[in-house]
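Notes to accompany the following structure.
Just so it is clear, none of the values below were taken in a lab; they were calculated from the coordinates. Predicted model, so just to flag it, every value in this text is computed and none were measured. Cβ: placed from backbone, ideal geometry, glycine included. Neighbour counts: every protein chain shown.
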Amino acid sequence: MLPQALPRAARATAPRALASRRYASHGAHYNEPTGNLFGEPPLAPGQKRKWEWWEPLWYFGMYGGMAAAAVGLYFKPDTSIKTWALKEAKARMEARGEATDYASYKAAKEGA
C-alpha cells in the first residue's frame, strides 16, 4: 500500500506546488519612475523647500562631527617612535656635552 500511495501523493502535490509559486509578490516588480526626486513633486516658482525635522540634525551632526575630527587630528600629540627617539638622543647628547645641531657641530670641528 505504501508504494502505491507515494506516487499518488507526489502527483497530487506537484501541480499545486507549481501553481502556488508567486515569487512573494504580484504586479510590477519595481516602482515605476515618476521623474521626481525622492517622489517629491516640483515646487512652484518662487517657493523654497521646507526641511524635515531631521535634516538640520543630520547636517549639523555630520559636518560638525567632521570638523571636530579634523581639529582633533590636527592637534593630536605626536606619539611616533621616531620623535621619541630623536628627543631621547638629543637629551643624551646634551647630557654628555656634545653638539646637537649642525651649526655648532661644524663650528666645533673647525675650531678643533
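Observations, loosely collected:
- Label-to-label distance for Trp84 and Leu43 is 5.6 nm, based on points extended 7 Å past Cα in the beta-carbon direction.
- Taking every Cα-Cα distance in the stretch 51-112 and sorting them into 10 Å bins starting at zero, the pair-distance distribution P(r) comes out as 17, 22, 17, 14, 12, 10, 6, 1 percent.
- Förster radius 30 Å - calculated FRET efficiency between Thr100 and Ala68, Cβ distance, rounded to 0.05: 0.20
- Annotation note: chymotrypsin sites (Phe, Trp or Tyr not before Pro) in the stretch 36-103 located in DSSP loop regions with a Cβ neighbour count of at most 12 within 10 Å are Trp51, Trp53, Trp54, Phe75.
- Per-residue Cβ neighbour rank within 10 angstrom, fewest leading, Lys82, Lys106: Lys82, Lys106
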